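The values are calculated or read from the model by the stated rules, or taken from the named source; none is laboratory data. Because the structure is a prediction, the values reported are computed rather than measured. Neighbour counts run over all protein chains shown; Cβ positions are idealised from the backbone, glycine included.
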Amino acid sequence: MIVDRDGHITIIAQENASVSALITTIEQSYDKYKNYHLIVRLSSLEKILLEDIIEFLRLSNTHRSAKKSFVVVSDKVNLDEMPDEIVVVPTIQEAYDIIEMEDIERDLGF
């Protein structure tokens, strides 16, 4: 797991381990990330299933309820199959755009 900070955003990149191992690692050290918007980049993984993305749902809901953005980046999933409850985008730039839009929505009281 590679962790990088960009201002108020933490980017977590997964290289080798499984998605469930990544989620466990993030949950165990969640106090480090809870005050930042989170981008989880799964671009280096070969195969990502819908079930893998759904595993992020609890973590995403927890993070979003604290008024922070949670975005998964992967170009290896069918975006049409993704549940509406979790934000999945194909590029890191789109993740930044989502966070910016959600910040504006929060500022406007949505």
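Residue-by-condition table, conditions (1) assigned to a loop (DSSP other than H, G, I, E, B); (2) under 19 Å from Ile2 (Cβ atoms); (3) among the basic types (Lys, Arg); (4) free of Cβ contacts under 8 Å to residues at least 12 places away in the same chain:
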position: Ala17; (1), (2), (3), (4): yes, yes, no, no
position: Ile26; (1), (2), (3), (4): no, yes, no, no
position: Ile39; (1), (2), (3), (4): no, yes, no, no
position: Asp52; (1), (2), (3), (4): no, yes, no, no
position: Leu59; (1), (2), (3), (4): no, yes, no, no
position: Lys67; (1), (2), (3), (4): yes, no, yes, no
position: Val77; (1), (2), (3), (4): yes, no, no, no
position: Asp84; (1), (2), (3), (4): yes, no, no, yes
position: Glu94; (1), (2), (3), (4): no, no, no, no
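Of everything in segment 30-48 that is surrounded by 13 or more Cβ atoms within 10 Å (Cβ to Cβ) and over 14 Å from Ile9 (Cβ atoms), the residue that is modelled with the highest pLDDT is Tyr30.
Criterion applied to Glu85, Glu27, Glu55 was being surrounded by 12 or more Cβ atoms within 10 Å (Cβ to Cβ), under 25 Å from Arg106 (Cβ atoms) and acidic (Asp, Glu), and the one residue passing it is Glu27. Selection of segment 1-15 for residues being part of a loop (DSSP other than H, G, I, E, B), loosely packed, with under 13 Cβ neighbours inside 10 Å and either in contact (Cβ under 8 Å) with a residue 12 or more places away in the chain or touching a Lys or Arg at 6+ places or on another chain (Cβ under 6 Å) (or both) yields His8, Glu15.
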